[in-house]
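Visitor: Quick one: the structure is below, and I'll ask about it shortly.
Bear in mind that the values in this text are calculations on the coordinates, not laboratory data. Here the structure is a predicted model, which is why all the values come from computation and not from measurement. Positions of Cβ are generated from backbone atoms using ideal geometry, with glycine treated the same way; all protein chains shown enter the neighbour counts.
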Amino acid sequence: MYYFSELALTLNELEEGVAPTDSRMRPDQRMMENGRWDEANMEKQRLEEKQRSVRRKRESDSSRISE
């Protein structure tokens, strides 16, 4: 597959006991690896917007506390 070595092909396989924040757990990553490019891109955009929203709220809450 894409002329990768056996080692390279196994580096991103899921393992038990990894942190929930491990990048191998990202649904967009899994979709991309399975060739579902459009879905992966939409999921990545959704996740990034969710992160931005959380950051904006956190910054807003922080600025209100410091006033």
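Visitor: Just need a number here: residues in the stretch 17-36 that are loosely packed, with under 11 Cβ neighbours inside 10 Å and part of a helix (DSSP H, G or I).
Guide: 1
Visitor: Can you say whether SER53 is exposed (fewer than 10 other Cβ atoms within 10 Å of the Cβ), assigned to a helix (DSSP H, G or I), out of contact with any Ser or Thr (no Cβ under 8 Å at 6 or more places or on another chain) and hydroxyl-bearing (Ser, Thr, Tyr), as far as the supplied structure shows?
Guide: Criteria not met by SER53.
Visitor: So is ASN41 surrounded by 11 or more Cβ atoms within 10 Å (Cβ to Cβ), in a loop (DSSP other than H, G, I, E, B) and polar (S, T, N, Q) or not?
Guide: no
Visitor: Of the conditions (1) closer than 20 Å to LEU9 by Cβ; (2) surrounded by fewer than 12 Cβ atoms within 10 Å (Cβ to Cβ), GLU59 fails just one. Which one is it?
Guide: Failed condition: (1).
Visitor: Just checking, which of LEU47, LEU14 is part of a loop (DSSP other than H, G, I, E, B) and not charged (D, E, K, R)?
Guide: LEU14
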